[in-house]
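See structure below.
Values quoted throughout were computed directly from the atomic coordinates according to the rules given, and no laboratory measurement underlies them. Predicted model, so just to flag it, every value in this text is computed and none were measured. Every residue, glycine as well, gets a Cβ built from its backbone with ideal geometry; the counts of neighbours run over all protein chains shown.
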Ligand code: DQA
């Protein structure tokens, strides 16, 4: 199983970014924890603050290079039709992850433009959401 994990804007700041909301776990901690937990899965881990770079990375999953994709699009979840279209172009399952329960936060976070083209969405379980996303891909 080869999984592409794509992280969007500001997630590189996890650990120091609004810790009362996002906690103190860094993106590196999440990556390391996931690789330790699933030694039989090959992960390609990616983070970018740029919409175009995220789309270019999603295009790596157009062919047969990956069996599934996990994406935390950050705030692009709420705005980016371009990322939505890139996900629509993929044949492999895509799981949307949010660390926080976006539905319990500001109104603008309640809607994601990508959810309807994803296999499913996991929100509100912190870094464990990535682990749940891997498990859902392994079971699918
Ligand atoms: C987030 C939720 C988004 O609304 C926010 O813009 C983020 C992080 C999350 O993981 O909870 O950057 O995707």
| request: Please work out which one of (1) away from the ligand (no atom under 15 Å from the Cβ); (2) surrounded by fewer than 16 Cβ atoms within 10 Å (Cβ to Cβ); (3) touching a residue at least 24 places away in the same chain (Cβ under 8 Å) is the condition residue 139 fails and give its number. | output: (3)
| task | Take residue 12 and decide whether it is touching a residue at least 60 places away in the same chain (Cβ under 8 Å) and within 13 Å of the ligand (Cβ to nearest atom). | result | no
| remark: Within segment 71-107, residues being near the ligand (Cβ under 8 Å from one of its atoms), buried (at least 17 other Cβ atoms within 10 Å of the Cβ) and without any contact (Cβ under 8 Å) to a residue 60 or more places away in the chain number 3
| said: Within segment 30-42, does at least one residue satisfy the condition of being within 16 Å of the ligand (Cβ to nearest atom), closer than 24 Å to residue 139 by Cβ and in a loop (DSSP other than H, G, I, E, B)? | reply: no
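Which residues, counting only those in segment 108-120, are more than 15 Å from the chain's Cα centre (by Cα) and either more than 8 Å from the ligand (Cβ to nearest atom) or loosely packed, with under 15 Cβ neighbours inside 10 Å (or both)?
Selection gives 108, 110, 111.
I need the full set of residues from segment 4-29 which are in a loop (DSSP other than H, G, I, E, B) and more than 17 Å from residue 57 (Cβ to Cβ), in order please.
Across segment 4-29, the qualifying residues are 14, 15, 16, 17, 18, 23, 24, 25, 26.
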